[in-house]
Structure formats: C-alpha cells, structure tokens
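What follows is a single structure, written as structure tokens, with notes after it.
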There are 2 protein chains.
Amino acid sequence: MLSARETAGRIAAGETTAAIELARSAALIDELEPKIRAFASRPGELAAGTGPLAGIACGVKDIIDTADLPTRMGSPIYERWRPRADASIVMALKAAGATVAGKTHTTAFAFLDPAPTRNPHDLTASPGGSSAGSAAAVAAGMIPLAVGTQTGGSVIRPAAYCGAAAIKPSYALLPTVGVKAFSWSLDTLGLMAASADDLSFALAAIIGRAELDASAANLKGLRIGLHRQGFAGAPEPASELALQHFRKLATEADATLVELADEAALAEAFHAHGPLQDYEAKHALAWEYAEHRDLLPPKLRAYLDTAKAATAESYDEARRVSREGRRAAHTAFREVDVVVSYAAPGEAPDTLESTGDSRFNRLWTLLGVPCVTVPLIRGPRGLPVSIQIIAGFGHDESVIAVAKGLEKLVAPVG
Amino acid sequence: MLSARETAGRIAAGETTAAIELARSAALIDELEPKIRAFASRPGELAAGTGPLAGIACGVKDIIDTADLPTRMGSPIYERWRPRADASIVMALKAAGATVAGKTHTTAFAFLDPAPTRNPHDLTASPGGSSAGSAAAVAAGMIPLAVGTQTGGSVIRPAAYCGAAAIKPSYALLPTVGVKAFSWSLDTLGLMAASADDLSFALAAIIGRAELDASAANLKGLRIGLHRQGFAGAPEPASELALQHFRKLATEADATLVELADEAALAEAFHAHGPLQDYEAKHALAWEYAEHRDLLPPKLRAYLDTAKAATAESYDEARRVSREGRRAAHTAFREVDVVVSYAAPGEAPDTLESTGDSRFNRLWTLLGVPCVTVPLIRGPRGLPVSIQIIAGFGHDESVIAVAKGLEKLVAPVG
C-alpha cells in the first residue's frame with residue numbers, strides 16, 4: 001500500500017514532487033482498475049494542491065458531492081448527476097492540499113446491494129460495503145487515502161475485508177454536508193489508509209486538529225477492555241483468533257486486559273439501530289422510493305418496502321434506547337483506556353453477491369464513538385483479518401494512539 | 001389569512017374541493033405577488049394531492065431542494081440550479097396531500113442580506129429573515145401554509161414581524177435532508193400558518209404524529225415561566241408590552257406566572273451560538289466561499305471572511321457550553337409547563353435594508369427546544385408584535401397546546 005505520511009515526507013525532503021506522486025497514483029489506477037474496479041469516475045488529470053497533503057491522491061466515495069465529477073450514488077437514478085457544489089469533506093481535502101483521484105464505487109445509496117468492486121486479495125471475494133471502492137483502492141495500492149461513510153459498518157467492514165486501516169471518527173467530527181443521507185443520526189464520514197499512522201497524519205491535516213496526529217501509545221500499563229459483543233452473535237473462528245492474537249500482543253507489551261460483559265443497555269442499543277435507521281431511511285430516500293422504486297436494486301427496494309411502515313413511536317423508542325446506551329458506554333469507557341473487538345465476523349465473504357455483515361460495527365456507529373481498524377492476521381483463505389479499537393465519544397486521539405502502538409508490534413498483513 | 005384546518009374541513013364537508021382551493025391560492029398569489037414579492041419560482045399549475053392536507057397550497061423556502069422547481073438559495077451562484085430529488089420535508093408535505101405552491105424567497109443561504117420580499121402590513125418595513133417569503137406569503141393570505149428554516153431566528157422572527165403564527169419544532173423533528181446547510185447543529189425546519197391551531201393540524205399531518213394536534217390547553221392552573229433573556233439585551237417597549245399583555249391574559253385565566261432568572265449556564269449557551277455557527281458555516285459554505293466569494297452578498301461575505309478563522313478549539317468549547325446549557329434548560333423546564341419570552345426585539349424594522357435581530361431566538365435554537373410564536377398586540381407603527389412560547393426538548397405538544405389556549409383568549413391581530 002502507499003503511505004500518505006511517507007509520500008508527504010519524501011515530497012517535503014525534495015526526493016520527489018507532488019506532481020510525480022499524483023502521476024504515480026494515476027498510473028497505478030490505470031494499471032489495476034480493470035481488475036479491481038474501484039472507481040466510478042475519474043478526472044482528466046490530477047493537479048497538485050498546496051498543503052500538508054499535497055501529492056496525496058484521494059478516493060472519494062460516490063455518494064459524496066463533487067462539482068467537477070459525477071456523483072452517481074451507485075444508482076442509475078443519478079446516472080448523469082453532477083452536483084453544484086463540493087461537499088464539505090471534499091473542500092477540506094482540497095484545503096489540506098490533497099487531490100481527488102476519482103469517485104469510488106459505492107453500493108447503491110450505501111446500502112447492501114454489492115458494488116462492482118473486487119477484493120484486491122482475492123478477486124472472487126467480497127470487498128465489503130458500502131465504501132467498497134475506497135477500501136479496495138487503498139488496499140490495492142492505487143492511492144494512499146480514501147474517504148468512505150458508515151451508517152452500519154460501511155467504513156470499518158470493507159477496510160477489514162480488504163486489509164486497509166480505517167477510522168470512523170466520532171459522530172460529526174468530519175462534516176457530512178453534501179453527503180447523500182441514509183440515516184442522519186448514524187451517517188458518519190471515515191478515512192481509509194495504509195496504516196493507523198497514515199490515518200493519523202491525514203485526519204489531523206484534513207480537519208485541522210493537530211492533536212489527532214497523536215504519538216503511538218506504549219501499550220504498557222494501558223487498561224484495555226475486550227468486548228465480544230455477544231448480543232451480535234458469535235464471530236467466525238478467524239476473528240476470534242485475531243482477538244486472541246491481540247490479547248497475546250497486548251499482554252506481552254504489559255497492558256492490562258479486561259474482559260467486558262455484555263451490558264443490557266448496550267445490547268438494547270445494538271437492537272435499536274434497526275428501527276432508528278428504518279425511520280430515517282424512509283424519510284431520507286423518500287423521493288427515490290416514490291419516484292424511482294423500479295430502479296432501486298433488490299435489497300434496497302425490499303428494505304424500503306419494509307421501512308415505509310416505520311412509525312414515529314418505534315423511532316422515539318429507538319432514540320430513547322440509544323441515549324441510554326450512550327450513557328452506559330460513557331460509564332463503561334471510563335473504566336478502560338480503549339475497548340477492542342472484532343472488526344467483522346471473519347474474512348471477506350467468498351462471494352461477490354454479499355457485502356458481508358455489519359453486526360460488530362452497528363452498535364459503535366449508533367453510539368457515535370470512534371473506531372479504528374487494523375489488520376492483524378491472515379485467515380484460513382489467506383485474507384486479512386482485523387480487530388477494531390474503540391473509545392468514548394470524542395476520544396479519537398486514543399484509538400489512533402493505541403492503533404499506532406499496536407502497529408509497532410506486528411508485521412504488516414494488509 | 002387562510003386557515004389550513006378550516007380549508008381542509010370545508011373540503012371534507014363537500015363545500016369546496018381541493019382543486020378550487022388551490023386555484024384560489026394561485027389567484028391570490030397572482031394578485032398579491034407584485035406587491036409582496038414572496039415567491040422565487042412557481043409551478044405551472046397546482047395539482048391536488050391526496051391526504052389530510054389535500055387542497056392546501058404550501059410555500060417552500062428556496063434553500064429546500066425540489067426536483068420540479070429551481071432551488072436558488074437566494075443566490076446567483078444557484079441561478080439555474082435544479083436539484084435531482086425533493087427534500088424529505090417536500091416529500092412529507094406531498095405524502096400528506098399538500099401541494100407546493102412555489103419556492104419562497106430566502107435571504108442568500110439563509111443569512112442576513114435581505115430578500116426582495118415586503119412585509120404585508122407595511123411595504124416599507126422588513127418582513128424579517130431569513131424565511132421572508134414563507135412568512136409574508138402566509139401573512140398576506142396567499143397560502144395557508146409555508147415551510148421555513150431557523151438557524152438563529154429565521155422562522156420565529158419573520159413570522160412575528162409579519163404577524164403569522166409559526167413553530168420551530170424540536171431539533172430534527174422535521175428531517176432536514178435536502179435542505180442547504182448553514183450550521184448543521186442548529187438548522188431546524190419550521191412551519192408558518194394563520195394560527196397555532198393551523199400549525200397543530202399541519203405539523204401532525206406532515207410528520208405523522210397525531211399527538212401533535214393537541215387540544216388547546218386551559219391556562220388555568222398552568223405554571224408559566226416568563227423569561228426576559230437579559231443576556232440578549234433589552235427589547236423595545238412594544239415587545240415588553242406584548243409580554244405584559246400575555247401576563248395579564250394568563251393571570252386572568254388563572255395561570256401561575258413565575259419570573260425566571262437569567263441562569264449563568266443559559267447566558268453562556270446564548271453566547272456559544274456564535275462560535276458554534278462560525279465553525280460549521282465555514283465548512284458548510286466552503287465551496288461557495290472558495291469558488292464564488294465575489295457573488296456572495298456583502299453581509300454573508302463579510303461574515304465568512306471572519307468565520308474562516310474559526311478554530312476547532314473554539315468550536316469544541318461552544319459545544320461543551322451548549323451541552324451544559326441543555327442540561328440547565330432541562331432542569332429549568334421541569335419547574336414550569338412552558339416558558340414565554342419575546343419573539344423579537346419589537347415591531348418589524350422600518351427598513352428593507354435589515355432583516356431584524358435574532359437575539360431573542362438564538363438560545364432556543366441552540367438548545368433545540370420547541371418554540372411557537374403568536375401575534376398578541378399592535379405596536380406603535382401598527383405592526384403586529386408577538387410573543388413566543390417555549391418548552392423542553394421533545395415537548396412540542398406543550399407549546400402547541402398553550403399557544404392554542406392563548407389564541408382563544410385574544411382577537412386575531414395578525
């Protein structure tokens with residue numbers, strides 16, 4: 001994979017130029033795109049910007065508005081659509097000097113119907129979803145940085161399946177203005193990169209928060225909670241092995257590991273994700289459903305056929321349960337420095353018909369808390385298997401620091 | 001003014017039809033528009049829908065996306081702009097049977113540079129802003145219902161200046177998907193109508209919450225807090241007279257009036273509105289500012305020239321103070337049934353160069369709590385002067401019920 005920090009460092013040292021690095025990414029995309037199918041559209045040329053991310057080619061998920069490129073939402077309904085303005089995140093990328101290398105494939109409206117993208121580790125395996133193109137483009141080494149969105153598990157899951165690092169920051173840390181809404185209480189922008197260290201570098205530059213480029217944590221003395229999310233069902237053996245591997249590494253590094261129980265309030269919050277999303281998706285996609293139902297892909301169409309029955313009562317109850325869950329998480333997170341859990345049920349599904357399962361991601365999206373995923377081991381089919389590091393709302397620097405500390409203990413597996 | 005409930009009742013009784021009522025609104029718009037200038041664009045014909053709001057012609061503020069009409073944001077930057085999809089609120093209006101009678105003039109991007117709209121009570125006075133066209137169209141009797149948005153005071157203030165009733169519901173009660181963002185933590189959709197009773201009828205129908213069509217409250221025995229918002233400065237005499245008039249009516253109706261102090265946490269939250277909005281507006285309008293600064297009107301341009309210096313630190317502090325304010329409000333609101341305060345500093349400004357002042361509205365927008373305004377008296381220049389009724393987050397039915405109860409005690413002044 002291409003390292004954003006290393007690339008920027010070489011440019012700063014005069015060993016290369018932003019134009020050369022952008023041309024390198026463009027050539028890599030040209031070469032790998034027929035195989036990976038990560039990009040929905042690309043600009044004619046990549047012009048270098050000015051700032052800490054100058055020379056960094058960035059993929060932007062195709063539900064994010066761009067004034068200079070189509071924004072198709074993964075749907076024929078938006079086939080010829082060109083927004084008027086860039087989304088806030090696109091302007092933030094540009095202000096930091098990054099260059100949009102293209103719009104990356106998304107599942108239609110960021111739901112579950114697969115995008116055309118392939119997993120770079122196995123072209124017959126799922127790259128995950130919904131931010132499939134962003135994860136695959138980074139993991140394939142085409143570009144050092146990509147933007148995705150997560151409403152269930154759409155940043156962490158595809159990154160884990162493709163073996164990229166990713167962060168889903170605290171809710172609304174990255175502004176979602178100009179991002180197609182699916183569920184406004186849940187929709188969260190995130191980043192994919194080659195490593196947690198690269199995420200740290202890029203996130204701090206994009207949002208102008210230097211403290212997010214935190215130093216790697218020394219795991220010694222940290223209290224780390226292990227959370228198996230029993231309410232979400234059991235993982236495949238590969239994900240349990242990844243968690244065990246993490247436990248071994250952290251124990252050897254003199255961290256204190258604590259097994260966390262499945263608190264009732266968190267289990268209830270996990271189950272509130274569905275009704276919360278149903279009500280909001282019904283409103284967010286009301287026009288598409290009313291005017292173009294026949295053009296919606298089958299899973300999304302069936303979902304909205306059901307979601308249209310969502311009531312204000314079930315929504316209010318889901319919001320109440322979510323608030324209780326946030327309170328419980330606030331208390332639970334005070335007892336530990338970070339929490340570690342499965343990033344996904346296992347290796348990427350051995351099919352292009354499914355984008356996998358977000359059940360180990362949905363609770364954290366609902367709570368709005370920051371998550372970083374890093375690949376740790378290889379699974380039985382040779383694909384990367386990742387864990388995710390989670391902290392309390394607003395403690396984005398903690399998940400970044402611990403992920404960077406963990407990276408120092410392992411050989412790259414992405 | 002045209003009553004939404006009365007219109008719907010006559011249609012249901014067979015005394016008129018939806019088509020006739022829509023034609024009536026269209027004719028009234030044709031007649032009054034040269035004078036009022038409320039509409040930015042209008043459809044060729046008004047087709048009747050099906051549902052409780054069939055026959056109700058509704059104005060939609062021109063920062064709200066419509067697939068069938070231009071959406072100009074009050075700015076030449078969007079002069080020929082036509083969104084792909086209807087905003088969620090437009091779909092909710094249509095699902096309830098209402099018909100979009102046109103897009104109503106907004107100040108550019110809902111900021112402070114005046115729209116071309118006039119105040120129906122005095123064509124040389126301000127209609128307020130930013131939802132100027134929505135308030136004026138309802139107050140002039142062109143249409144029975146209009147949608148606006150409030151980030152500071154942009155629903156309650158123009159309604160008060162024009163003598164219409166209006167509700168700014170709890171934050172996110174009405175979904176803002178497809179509404180041009182200015183400050184995502186503050187932007188709130190609201191409704192204007194002829195009376196609180198009409199608001200109650202329309203809001204319940206639009207959002208499918210029957211309980212919001214609450215019965216009029218009997219003021220007898222209610223505990224009502226009077227809040228003068230000293231931290232926002234003194235009002236003009238007319239607004240103080242309106243509050244005194246409310247006190248007299250409520251006392252005669254055997255309500256218990258309680259003078260509320262200016263709590264420190266609320267005063268601090270009032271002052272946090274600025275830094276919160278600055279940071280979010282900088283991101284929300286980043287494209288317009290970077291690409292089309294010269295096309296921005298002077299007040300907005302100067303504002304963004306300043307807001308670009310907003311830091312993450314000041315934003316985080318403003319969010320912290322906002323959370324403290326919400327906690328303080330939650331406690332304060334427990335002591336009373338509703339709070340009553342000034343809706344605006346006084347009568348509409350005697351100029352078309354200013355949209356007036358949102359200082360008595362900003363705190364409640366920041367807190368996300370529901371507000372209803374109703375006109376109570378006439379000021380020295382003969383213009384309506386209103387109060388606003390406020391309750392705790394989620395208690396929209398309380399402000400509606402009290403406003404309806406109050407309406408029964410006064411002769412219409414709008």
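The values are calculated or read from the model by the stated rules, or taken from the named source; none is laboratory data. Note that this is a predicted model, so its numbers are computed, not measured. Using ideal geometry, Cβ is built from the backbone for each residue, glycine included, and neighbour counts are taken over all protein chains shown.
Applying the selection to the range A:82-107, what residues are within 23 Å of residue A:128 (Cα to Cα) and away from chain B (no Cβ under 14 Å)? A:101, A:102, A:103, A:104, A:105, A:106, A:107 - these are the residues of the range A:82-107 that are within 23 Å of residue A:128 (Cα to Cα) and away from chain B (no Cβ under 14 Å).
In summary, residue B:299 fulfils each of the numbered conditions (1) charged (D, E, K, R); (2) within 23 Å of the chain's Cα centre (by Cα); (3) surrounded by fewer than 16 Cβ atoms within 10 Å (Cβ to Cβ) with the single exception of condition (3).
Screening residue B:135 on (1) over 21 Å from residue B:94 (Cα atoms); (2) touching a helix residue (DSSP H, G or I) at 6+ places or on another chain (Cβ under 8 Å) shows it passes everything except condition (1). Selection of the range A:281-299 for residues being assigned to a helix (DSSP H, G or I) and of a type in the set (A, V, I, L, M) yields A:281, A:284, A:286, A:290, A:295. The residue that is surrounded by the fewest Cβ atoms within 10 Å (Cβ to Cβ), counting only those in the range B:159-192 that are within 18 Å of residue B:391 (Cβ to Cβ) and β-branched (Val, Ile, Thr), is B:188.
The set of residues in the range B:141-171 being in a strand (DSSP E or B) and either under 19 Å from residue B:281 (Cβ atoms) or under 11 Å from the mean Cα position of the chain (by Cα) (or both) consists of B:146, B:147, B:148, B:149, B:150, B:165, B:166, B:167, B:168.
Quick one: residue A:123 ticks every box in (1) surrounded by 24 or more Cβ atoms within 10 Å (Cβ to Cβ); (2) touching a helix residue (DSSP H, G or I) at 6+ places or on another chain (Cβ under 7 Å) except a single one, so which number is it? Checking residue A:123 against (1) surrounded by 24 or more Cβ atoms within 10 Å (Cβ to Cβ); (2) touching a helix residue (DSSP H, G or I) at 6+ places or on another chain (Cβ under 7 Å), the one that fails is (1).
Residue B:159 meets each of the listed conditions (1) at the interface with another protein chain (Cβ under 10 Å from one of its Cβ atoms); (2) within 15 Å of residue B:375 (Cα to Cα) apart from (1). For first residues located in the range B:71-98 and without any contact (Cβ under 8 Å) to a residue 24 or more places away in the chain, partners that are surrounded by fewer than 20 Cβ atoms within 10 Å (Cβ to Cβ) and small (Gly, Ala, Ser) and lie 6+ apart or on another chain with Cβ distances below 8 Å form the pairs B:82/B:67; B:84/B:67; B:91/A:290. Annotation note: Cβ proximity below 6 Å between a residue of the range A:235-254 that is modelled with pLDDT of 95 or more and a residue that is aromatic (Phe, Trp, Tyr) and not in a helix (DSSP H, G or I) (sequence gap 6+ or interchain) occurs for A:235/A:342; A:239/A:342. Taking the condition under 21 Å from the mean Cα position of the chain (by Cα), part of a loop (DSSP other than H, G, I, E, B) and touching a residue at least 12 places away in the same chain (Cβ under 8 Å), does residue B:174 pass? Answer is yes for this residue.
Restricting to the range B:281-309, count the residues that are aliphatic (A, V, I, L, M), in contact with a Leu (Cβ under 8 Å, 6 or more places away or on another chain) and within 12 Å of chain A (Cβ to nearest Cβ). Working first, answer last.
Of the residues in the range B:281-309, the ones aliphatic (A, V, I, L, M) are B:281, B:284-286, B:290, B:295-296, B:300, B:302, B:304, B:307, B:309.
Subsequent filtering for residues that are in contact with a Leu (Cβ under 8 Å, 6 or more places away or on another chain) retains B:281, B:285, B:296, B:300, B:304.
Filter once more, keeping what is within 12 Å of chain A (Cβ to nearest Cβ): B:281, B:285.
Result for the range B:281-309: 2.
Taking the listed residues B:59, B:55, B:44, B:128, the one that is more than 24 Å from residue A:308 (Cα to Cα), more than 14 Å from chain A (Cβ to nearest Cβ) and free of Cβ contacts under 8 Å to residues at least 24 places away in the same chain is B:44, with no other qualifying.
Can you confirm whether residue A:205 is in contact with a Leu (Cβ under 6 Å, 6 or more places away or on another chain) and either within 13 Å of another protein chain (Cβ to nearest Cβ) or of a type in the set (Asp, Glu) (or both)?
Working: in contact with a Leu (Cβ under 6 Å, 6 or more places away or on another chain): yes; either within 13 Å of another protein chain (Cβ to nearest Cβ) or of a type in the set (Asp, Glu) (or both): yes.
Yes, satisfied.
Counting only helices (runs of 4 or more DSSP H) that sit completely within the range B:300-414, those holding 1 or more residues that are touching a residue at least 24 places away in the same chain (Cβ under 8 Å) and touching a Lys or Arg at 6+ places or on another chain (Cβ under 6 Å) correspond to B:312-334, B:362-367.
All conditions but one from (1) farther than 23 Å from residue A:140 by Cα; (2) away from chain B (no Cβ under 14 Å); (3) surrounded by fewer than 16 Cβ atoms within 10 Å (Cβ to Cβ) apply to residue A:79; the one that does not is (2).
Mind listing whichever residues of the range B:211-224 are under 22 Å from residue B:188 (Cβ atoms) and either among the hydrophobic types (A, V, I, L, M, F, W, C) or more than 14 Å from every other protein chain (Cβ to nearest Cβ) (or both)? Reasoning before the result, please.
Initial filter on the range B:211-224 (under 22 Å from residue B:188 (Cβ atoms)): B:211-214.
Listed by number, the residues that qualify are B:212, B:214.
Condition first: part of a helix (DSSP H, G or I) and more than 14 Å from chain A (Cβ to nearest Cβ). Now tell me which residues in the range B:260-280 satisfy that.
Just the residues of the range B:260-280 that are part of a helix (DSSP H, G or I), to begin with: B:264-280.
Within the range B:260-280, B:264, B:265, B:266, B:267, B:268, B:269, B:270, B:271, B:272, B:273, B:274, B:275 qualify.
Tallying residues that are within 14 Å of chain B (Cβ to nearest Cβ) and under 27 Å from residue A:285 (Cβ atoms) within the range A:310-350 yields 14. The condition of being under 20 Å from residue B:85 (Cα atoms) and at pLDDT 95 or above holds for residue A:278.
If you go through the range B:178-197 and keep only what is touching a Lys or Arg at 6+ places or on another chain (Cβ under 9 Å) and at the interface with chain A (Cβ under 9 Å from one of its Cβ atoms), you end up with just B:185.
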